[in-house]
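Visitor: Input: one structure, supplied below.
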(Lines give C-alpha, C1' and ligand atoms only; values in the text may rest on other atoms or scores of the structure.)
Protein backbone atom coordinates (compact mmCIF):
# COMPACT_ATOMS: atom_id res chain seq x y z
CA UNK A 1 0.00 0.00 0.00
CA UNK A 2 1.51 3.40 -0.97
CA UNK A 3 2.56 5.70 1.85
CA UNK A 4 0.15 8.60 2.45
CA UNK A 5 2.10 11.84 2.70
CA UNK A 6 0.40 14.81 4.35
CA UNK A 7 0.54 17.96 2.18
CA UNK A 8 2.38 20.99 3.48
CA UNK A 9 4.38 23.98 2.27
CA UNK A 10 7.52 25.67 3.51
CA UNK A 11 6.75 29.17 4.77
CA UNK A 12 9.45 31.81 5.15
CA UNK A 13 8.79 35.18 6.81
CA UNK A 14 11.76 37.35 5.81
CA UNK A 15 11.85 40.54 7.87
CA UNK A 16 14.40 43.17 8.69
CA UNK A 17 15.23 41.69 12.11
CA UNK A 18 14.69 37.96 11.75
CA UNK A 19 13.69 35.19 9.38
CA UNK A 20 11.09 32.72 10.63
CA UNK A 21 10.52 29.50 8.71
CA UNK A 22 8.63 26.26 9.14
CA UNK A 23 6.61 23.46 7.59
CA UNK A 24 2.93 24.47 7.44
CA UNK A 25 0.22 21.82 7.13
CA UNK A 26 -2.30 22.59 4.39
CA UNK A 27 -5.37 21.37 6.24
CA UNK A 28 -4.91 23.20 9.52
CA UNK A 29 -2.17 25.80 9.13
CA UNK A 30 -0.23 24.12 11.93
CA UNK A 31 3.47 24.99 11.97
CA UNK A 32 5.99 22.17 12.36
CA UNK A 33 9.78 22.36 12.68
CA UNK A 34 9.84 26.13 13.20
CA UNK A 35 13.20 27.83 12.75
CA UNK A 36 14.33 31.41 13.41
CA UNK A 37 17.59 33.07 12.39
CA UNK A 38 18.69 36.72 12.54
CA UNK A 39 18.46 38.61 9.25
CA UNK A 40 21.38 41.06 9.58
CA UNK A 41 20.60 42.60 6.17
CA UNK A 42 23.74 44.74 6.26
CA UNK A 43 25.68 41.66 5.11
CA UNK A 44 24.08 41.94 1.69
CA UNK A 45 21.30 40.24 -0.22
CA UNK A 46 23.44 37.45 -1.69
CA UNK A 47 24.60 36.23 1.72
CA UNK A 48 21.05 36.34 3.01
CA UNK A 49 19.73 34.42 0.02
CA UNK A 50 22.32 31.68 0.56
CA UNK A 51 21.19 31.37 4.19
CA UNK A 52 17.53 31.16 3.17
CA UNK A 53 18.34 28.41 0.67
CA UNK A 54 20.27 26.48 3.33
CA UNK A 55 17.35 26.87 5.76
CA UNK A 56 14.89 25.72 3.11
CA UNK A 57 17.02 22.70 2.26
CA UNK A 58 17.07 21.75 5.93
CA UNK A 59 13.26 21.96 6.11
CA UNK A 60 12.87 19.86 2.97
CA UNK A 61 14.89 17.13 4.66
CA UNK A 62 12.74 17.42 7.79
CA UNK A 63 9.60 17.10 5.68
CA UNK A 64 10.87 13.92 4.10
CA UNK A 65 11.69 12.43 7.50
CA UNK A 66 8.16 13.20 8.74
CA UNK A 67 6.42 11.81 5.64
CA UNK A 68 5.21 15.23 4.49
CA UNK A 69 4.66 16.20 0.86
CA UNK A 70 6.06 19.69 0.21
CA UNK A 71 3.84 21.41 -2.35
CA UNK A 72 6.10 24.42 -2.63
CA UNK A 73 7.92 27.28 -0.94
CA UNK A 74 6.26 30.55 0.06
CA UNK A 75 8.13 33.71 1.00
CA UNK A 76 6.63 36.70 2.78
CA UNK A 77 9.11 39.54 2.29
CA UNK A 78 9.40 42.92 4.00
CA UNK A 79 9.58 44.70 0.63
CA UNK A 80 7.25 45.73 -2.16
CA UNK A 81 6.21 42.79 -4.34
CA UNK A 82 4.09 43.22 -7.47
CA UNK A 83 1.13 41.12 -8.54
CA UNK A 84 3.39 38.78 -10.51
CA UNK A 85 5.64 38.09 -7.52
CA UNK A 86 8.51 40.34 -8.63
CA UNK A 87 10.39 42.17 -5.87
CA UNK A 88 10.19 45.89 -6.65
CA UNK A 89 12.02 47.52 -3.73
CA UNK A 90 15.17 47.04 -1.68
CA UNK A 91 14.64 49.26 1.35
CA UNK A 92 15.74 46.58 3.84
CA UNK A 93 16.32 43.26 2.05
CA UNK A 94 18.48 43.78 -1.05
CA UNK A 95 16.91 41.11 -3.25
CA UNK A 96 15.44 43.26 -6.01
CA UNK A 97 18.07 42.30 -8.61
CA UNK A 98 18.81 38.78 -7.39
CA UNK A 99 17.29 35.57 -8.87
CA UNK A 100 15.47 34.74 -5.63
CA UNK A 101 12.51 32.96 -7.20
CA UNK A 102 14.52 30.91 -9.68
CA UNK A 103 17.10 29.75 -7.15
CA UNK A 104 14.46 28.58 -4.69
CA UNK A 105 12.43 27.07 -7.53
CA UNK A 106 15.33 24.68 -8.05
CA UNK A 107 14.22 23.16 -4.73
CA UNK A 108 10.42 23.40 -5.12
CA UNK A 109 7.83 25.67 -6.79
CA UNK A 110 8.18 29.10 -5.17
CA UNK A 111 5.77 31.98 -4.55
CA UNK A 112 6.92 35.41 -3.31
CA UNK A 113 4.55 37.86 -1.60
CA UNK A 114 4.78 41.01 0.50
CA UNK A 115 4.92 40.09 4.18
CA UNK A 116 1.85 42.06 5.23
CA UNK A 117 -0.30 40.37 2.58
CA UNK A 118 1.04 36.99 3.63
CA UNK A 119 0.12 37.65 7.27
CA UNK A 120 -3.29 39.01 6.25
CA UNK A 121 -3.94 35.84 4.22
CA UNK A 122 -3.04 33.70 7.23
CA UNK A 123 -5.48 35.57 9.45
CA UNK A 124 -8.17 35.23 6.77
CA UNK A 125 -7.62 31.49 6.38
CA UNK A 126 -6.84 30.37 9.92
CA UNK A 127 -7.01 33.32 12.31
CA UNK A 128 -8.93 36.35 13.51
CA UNK A 129 -10.24 37.28 10.06
CA UNK A 130 -12.10 34.05 9.35
CA UNK A 131 -15.47 35.45 10.40
CA UNK A 132 -15.26 38.57 8.23
CA UNK A 133 -15.84 38.97 4.51
CA UNK A 134 -14.12 42.36 4.48
CA UNK A 135 -11.46 43.36 7.00
CA UNK A 136 -8.38 45.52 7.22
CA UNK A 137 -5.18 43.96 8.52
CA UNK A 138 -2.56 46.22 10.12
CA UNK A 139 0.85 45.06 11.27
CA UNK A 140 2.93 47.14 13.68
CA UNK A 141 6.51 46.20 14.50
CA UNK A 142 9.78 47.39 13.02
CA UNK A 143 7.58 48.98 10.35
CA UNK A 144 3.87 49.57 9.84
CA UNK A 145 1.87 48.21 6.89
CA UNK A 146 -1.75 47.49 6.08
CA UNK A 147 -3.82 45.33 3.76
CA UNK A 148 -7.49 45.11 2.85
CA UNK A 149 -8.83 41.54 2.69
CA UNK A 150 -12.02 40.75 0.77
CA UNK A 151 -13.55 37.27 0.59
CA UNK A 152 -10.33 35.75 1.90
CA UNK A 153 -8.09 37.47 -0.65
CA UNK A 154 -5.60 40.23 0.26
CA UNK A 155 -5.91 43.25 -2.04
CA UNK A 156 -2.58 44.09 -3.69
CA UNK A 157 -3.56 47.10 -5.80
CA UNK A 158 -2.63 47.64 -9.44
CA UNK A 159 1.12 47.34 -8.83
CA UNK A 160 1.32 45.50 -5.51
CA UNK A 161 1.88 48.70 -3.54
CA UNK A 162 -1.38 48.92 -1.55
CA UNK A 163 0.33 48.53 1.81
CA UNK A 164 2.54 51.54 2.58
CA UNK A 165 0.43 53.33 5.18
CA UNK A 166 3.37 53.62 7.57
CA UNK A 167 5.81 55.12 5.06
CA UNK A 168 3.66 57.80 3.42
CA UNK A 169 4.48 61.38 4.52
CA UNK A 170 1.50 63.48 5.59
CA UNK A 171 2.83 66.76 4.23
CA UNK A 172 1.38 69.97 5.66
CA UNK A 173 2.46 73.55 6.39
CA UNK A 174 2.81 74.94 9.90
CA UNK A 175 0.30 77.78 10.39
CA UNK A 176 2.64 79.60 12.79
CA UNK A 177 5.99 79.60 10.98
CA UNK A 178 5.20 78.43 7.47
CA UNK A 179 7.56 75.46 7.63
CA UNK A 180 6.71 72.38 5.59
CA UNK A 181 6.08 69.39 7.85
CA UNK A 182 6.09 65.82 6.54
CA UNK A 183 5.48 63.44 9.46
CA UNK A 184 5.63 59.72 8.71
CA UNK A 185 3.66 57.25 10.84
CA UNK A 186 6.57 54.82 11.23
CA UNK A 187 8.69 57.66 12.65
CA UNK A 188 6.20 58.01 15.51
CA UNK A 189 4.48 54.69 16.15
CA UNK A 190 6.78 51.83 15.03
CA UNK A 191 9.16 50.00 17.37
CA UNK A 192 12.40 51.81 16.40
CA UNK A 193 10.58 55.15 16.69
CA UNK A 194 9.66 54.46 20.32
CA UNK A 195 13.33 53.87 21.09
CA UNK A 196 14.48 56.94 19.17
CA UNK A 197 11.97 59.25 20.82
CA UNK A 198 12.79 57.93 24.28
CA UNK A 199 16.55 58.17 23.78
CA UNK A 200 16.27 61.71 22.44
CA UNK A 201 15.10 62.89 25.87
CA UNK A 202 17.38 60.96 28.24
CA UNK A 203 21.08 60.90 29.08
CA UNK A 204 23.40 58.49 27.28
CA UNK A 205 23.54 55.99 30.15
CA UNK A 206 19.73 55.69 30.17
CA UNK A 207 19.31 54.94 26.48
CA UNK A 208 17.44 51.87 25.29
CA UNK A 209 18.01 49.65 22.24
CA UNK A 210 14.70 47.84 21.61
CA UNK A 211 11.03 48.69 21.61
CA UNK A 212 10.42 45.97 24.20
CA UNK A 213 12.63 47.90 26.62
CA UNK A 214 10.37 50.94 26.30
CA UNK A 215 7.48 48.70 27.35
CA UNK A 216 9.52 47.38 30.27
CA UNK A 217 10.32 50.82 31.70
CA UNK A 218 6.69 51.80 31.08
CA UNK A 219 5.61 48.93 33.34
CA UNK A 220 8.09 50.22 35.91
CA UNK A 221 6.28 53.57 36.00
CA UNK A 222 8.55 55.64 33.75
CA UNK A 223 6.58 58.81 32.84
CA UNK A 224 8.65 59.50 29.71
CA UNK A 225 7.87 56.03 28.39
CA UNK A 226 4.18 56.71 29.02
CA UNK A 227 4.39 59.92 26.98
CA UNK A 228 6.15 58.18 24.10
CA UNK A 229 3.66 55.30 24.11
CA UNK A 230 0.68 57.66 24.23
CA UNK A 231 1.95 59.67 21.27
CA UNK A 232 2.58 56.48 19.30
CA UNK A 233 -0.84 54.99 20.05
CA UNK A 234 -2.56 58.26 19.18
CA UNK A 235 -0.72 58.53 15.85
CA UNK A 236 -1.48 54.94 14.90
CA UNK A 237 -5.14 55.51 15.68
CA UNK A 238 -5.29 58.56 13.40
CA UNK A 239 -4.07 56.49 10.45
CA UNK A 240 -6.17 53.41 11.17
CA UNK A 241 -9.23 55.60 11.67
CA UNK A 242 -8.52 57.10 8.24
CA UNK A 243 -8.32 53.58 6.79
CA UNK A 244 -11.72 52.76 8.27
CA UNK A 245 -13.18 55.96 6.82
CA UNK A 246 -11.84 55.16 3.34
CA UNK A 247 -12.31 51.38 3.19
CA UNK A 248 -15.32 50.77 5.47
CA UNK A 249 -14.25 47.29 6.65
CA UNK A 250 -16.26 45.05 8.94
CA UNK A 251 -13.31 44.81 11.34
CA UNK A 252 -9.68 45.75 11.90
CA UNK A 253 -7.23 42.96 12.74
CA UNK A 254 -3.91 44.07 14.22
CA UNK A 255 -0.71 42.01 14.26
CA UNK A 256 3.03 42.46 14.57
CA UNK A 257 5.17 42.45 17.69
CA UNK A 258 4.16 45.93 18.81
CA UNK A 259 0.61 45.60 17.55
CA UNK A 260 0.16 42.61 19.87
CA UNK A 261 1.89 44.22 22.86
CA UNK A 262 -1.42 45.09 24.50
CA UNK A 263 -1.61 47.36 27.52
CA UNK A 264 -1.31 51.11 27.29
CA UNK A 265 -0.24 51.19 23.63
CA UNK A 266 -3.20 49.08 22.53
CA UNK A 267 -5.73 50.97 24.64
CA UNK A 268 -4.51 54.35 23.43
CA UNK A 269 -4.50 53.16 19.81
CA UNK A 270 -8.06 51.79 19.96
CA UNK A 271 -9.40 54.95 21.61
CA UNK A 272 -7.68 57.14 19.02
CA UNK A 273 -8.96 55.00 16.15
CA UNK A 274 -12.55 55.29 17.31
CA UNK A 275 -12.14 59.03 17.87
CA UNK A 276 -11.04 59.48 14.24
CA UNK A 277 -13.76 57.35 12.62
CA UNK A 278 -16.22 59.74 11.03
CA UNK A 279 -19.38 57.63 10.55
CA UNK A 280 -21.36 56.84 13.68
CA UNK A 281 -22.27 53.33 12.52
CA UNK A 282 -18.60 52.45 11.90
CA UNK A 283 -17.18 53.72 15.18
CA UNK A 284 -17.90 50.57 17.18
CA UNK A 285 -16.48 48.12 14.62
CA UNK A 286 -14.39 45.26 16.07
CA UNK A 287 -10.70 46.12 16.51
CA UNK A 288 -9.09 42.82 17.45
CA UNK A 289 -5.63 41.31 17.91
CA UNK A 290 -4.38 38.90 15.28
CA UNK A 291 -4.77 35.28 16.39
CA UNK A 292 -1.65 33.70 14.90
CA UNK A 293 1.01 35.81 16.60
CA UNK A 294 4.54 35.58 15.26
CA UNK A 295 3.58 32.66 12.99
CA UNK A 296 1.19 34.67 10.82
CA UNK A 297 3.78 35.66 8.23
CA UNK A 298 5.16 32.20 7.59
CA UNK A 299 1.71 30.57 7.65
CA UNK A 300 0.43 33.05 5.09
CA UNK A 301 3.52 32.65 2.93
CA UNK A 302 2.89 28.90 2.87
CA UNK A 303 -0.82 29.38 2.20
CA UNK A 304 0.12 31.38 -0.87
CA UNK A 305 1.59 28.20 -2.33
CA UNK A 306 -1.61 26.17 -2.34
CA UNK A 307 -3.76 29.15 -3.31
CA UNK A 308 -1.57 30.15 -6.26
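The values are calculated or read from the model by the stated rules, or taken from the named source; none is laboratory data. These numbers come from a predicted model, not from an experiment. A quick note on method: Cβ atoms are made from the backbone with ideal geometry, for glycine too, and the neighbour counts reach across all protein chains shown.
Visitor: When only residues in the stretch 174-205 that are at pLDDT 85 or above and farther than 28 Å from residue 163 by Cα count, which is surrounded by the most Cβ atoms within 10 Å (Cβ to Cβ)? Explain how you work it out, then say what you get.
Guide: Step one: list which residues in the stretch 174-205 are at pLDDT 85 or above, which gives 185-201.
Those still in the list that are farther than 28 Å from residue 163 by Cα too: 199-201.
Details: 199: 16, 200: 9, 201: 10.
Selected residue: 199.
Visitor: What is the one condition in (1) modelled with pLDDT of 90 or more; (2) touching a helix residue (DSSP H, G or I) at 6+ places or on another chain (Cβ under 8 Å); (3) exposed (fewer than 14 other Cβ atoms within 10 Å of the Cβ); (4) farther than 18 Å from residue 255 by Cβ that residue 153 does not satisfy?
Guide: Of (1) modelled with pLDDT of 90 or more; (2) touching a helix residue (DSSP H, G or I) at 6+ places or on another chain (Cβ under 8 Å); (3) exposed (fewer than 14 other Cβ atoms within 10 Å of the Cβ); (4) farther than 18 Å from residue 255 by Cβ, only one is false for residue 153: (4).
Visitor: Hey, can you tell me all the residues within the stretch 54-83 that are without any contact (Cβ under 8 Å) to a residue 60 or more places away in the chain and either under 22 Å from the mean Cα position of the chain (by Cα) or surrounded by 22 or more Cβ atoms within 10 Å (Cβ to Cβ) (or both)? Give the derivation first.
Guide: Taking the stretch 54-83 as the starting set, the residues that turn out to be without any contact (Cβ under 8 Å) to a residue 60 or more places away in the chain are 54-66, 79.
Passing the criteria: 55, 56, 59, 79.
Visitor: Scan the stretch 273-296 residue by residue and report those that are part of a loop (DSSP other than H, G, I, E, B) and farther than 15 Å from residue 119 by Cα.
Guide: First, pick out the residues of the stretch 273-296 that are part of a loop (DSSP other than H, G, I, E, B): 276-279, 283-286, 290-292.
Residues satisfying the conditions are 276, 277, 278, 279, 283, 284, 285, 286.
Visitor: Still on this model: On the basis of being farther than 26 Å from residue 117 by Cβ and either touching a residue at least 12 places away in the same chain (Cβ under 8 Å) or not in a helix (DSSP H, G or I) (or both), does residue 243 make the cut?
Guide: Values: farther than 26 Å from residue 117 by Cβ: no; either touching a residue at least 12 places away in the same chain (Cβ under 8 Å) or not in a helix (DSSP H, G or I) (or both): yes.
When the stated conditions are applied, residue 243 does not pass them.
Visitor: Let me ask something else about it. Out of 270, 254, 305, which single residue is assigned to a strand (DSSP E or B) and modelled with pLDDT of 95 or more?
Guide: Working: 270 fails: assigned to a strand (DSSP E or B); 305 fails: assigned to a strand (DSSP E or B).
Just a single option satisfies the conditions, and that option is 254.
Visitor: Consider residue 299 against the criteria (1) under 29 Å from residue 213 (Cα atoms); (2) under 17 Å from the mean Cα position of the chain (by Cα); (3) part of a helix (DSSP H, G or I); (4) in the same structural domain as residue 168 (by TED's automatic domain parsing): it satisfies all of them except one. Which criterion is unmet?
Guide: (4)
Visitor: Considering only the stretch 245-260, state which residues are at positive phi and surrounded by fewer than 23 Cβ atoms within 10 Å (Cβ to Cβ).
Guide: Within the stretch 245-260, the first condition is being at positive phi, and the residues that meet it are 248, 256.
Matches in the stretch 245-260: 248 only.
Visitor: Out of the residues in the stretch 279-303 that are crowded, with 18+ Cβ neighbours inside 10 Å and without any contact (Cβ under 8 Å) to a residue 60 or more places away in the chain, state the one that is farthest from residue 130 (Cα to Cα).
Guide: Looking at the filtered set, the residue picked out is 285.
Visitor: Residues of the stretch 55-96 being out of contact with any strand residue (DSSP E or B) (no Cβ under 7 Å at 6 or more places or on another chain) and within 18 Å of residue 15 (Cβ to Cβ), which ones?
Guide: 89, 90, 91, 92, 94
Visitor: Another question about this same structure. Helices (runs of 4 or more DSSP H) wholly in the stretch 110-204 with at least 3 residues that are in contact with a strand residue (DSSP E or B) (Cβ under 7 Å, 6 or more places away or on another chain) and assigned by TED's automatic domain parsing to the domain that holds residue 49 - which ones?
Guide: On the way: elements: 115-126, 186-189, 191-199.
By residue number, 115-126.
Visitor: Can you confirm whether residue 46 is farther than 24 Å from residue 210 by Cβ and part of a helix (DSSP H, G or I)? Walk me through how you get there before you give the answer.
Guide: On the way: farther than 24 Å from residue 210 by Cβ: yes; part of a helix (DSSP H, G or I): yes.
Yes: the conditions hold for residue 46.
Visitor: Checking residue 43 against (1) under 17 Å from residue 110 (Cβ atoms); (2) more than 18 Å from the chain's Cα centre (by Cα): exactly one of these is not met. Which one?
Guide: All conditions are met except number (1).
Visitor: Still on this structure, please answer the following. Check residue 27 against each of (1) at pLDDT 95 or above; (2) not in a helix (DSSP H, G or I) and name the one condition it does not meet.
Guide: (1)
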